[in-house]
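> Please find one structure pasted underneath; my questions will follow.
No lab work stands behind these numbers, since they all come straight from the coordinates. Since we're looking at a predicted model, the values are computed, not measured.
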Amino acid sequence: MNDLARGLIDLGAAGVELARAGDRIRFRPALPPDALEWLTRYRAAVLALLESGYDPEDAEARYVLLERLGIADDLDMPTDPGAPAWLVAVGESMLLAQCEASGVYSPHDTDGGPAGGARAMR
């Protein structure tokens, strides 16, 4: 799930919008080859997210998702499934949920990730 989450964040940060078209994924703007390869690899998971949305079970991951979407909404950014802000929010929430499950507090590596790179154990 880590690669899925990071790919969603990367696409959203690049301003890419995804939409489900039957069993296909439409995207705009055009994707670079490495992103197209990632999308091909995670096609089924991305289609499922676009169809059903994302509802994390972990309370902190849910908070992150709703906080990110709320900020984007306050900035008049689209937050519907597939919008760039939604992709980032879902990706960050997935990373947090994965880190929470493994006992790591922050989903961001010490390489200066989105939250500045803080990493700590519970």
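> Per-residue HN-Hα couplings for region 20-29, Karplus 6.51 cos²θ - 1.76 cosθ + 1.60 at θ = phi - 60°, whole Hz, x for Gly and Pro?
Result, ordered by residue: 7, 10, x, 9, 10, 10, 9, 9, 8, x Hz.
> Taking N as the number of residues in region 2-102, what is its alpha-carbon radius of gyration divided by 2.2 N^0.38 Å?
So the Cα radius of gyration is 1.01 times the expected 2.2 N^0.38 Å.
> Given a cut-off of under 8 Å on Cα pairs at least six residues apart, what relative contact order in percent is computed for region 2-102? Walk me through the intermediate numbers first.
Numbers: 122 pairs, mean separation 42.4, N = 101.
Relative contact order for region 2-102 comes out at 42 percent.
> Against the empirical 2.2 N^0.38 Å scaling, what ratio does the C-alpha Rg of region 1-46 come to? Intermediate values should be presented prior to the final figure.
On the way: Rg = 9.8 Å, N = 46, 2.2 N^0.38 = 9.4 Å.
The reported ratio for this selection is 1.04.
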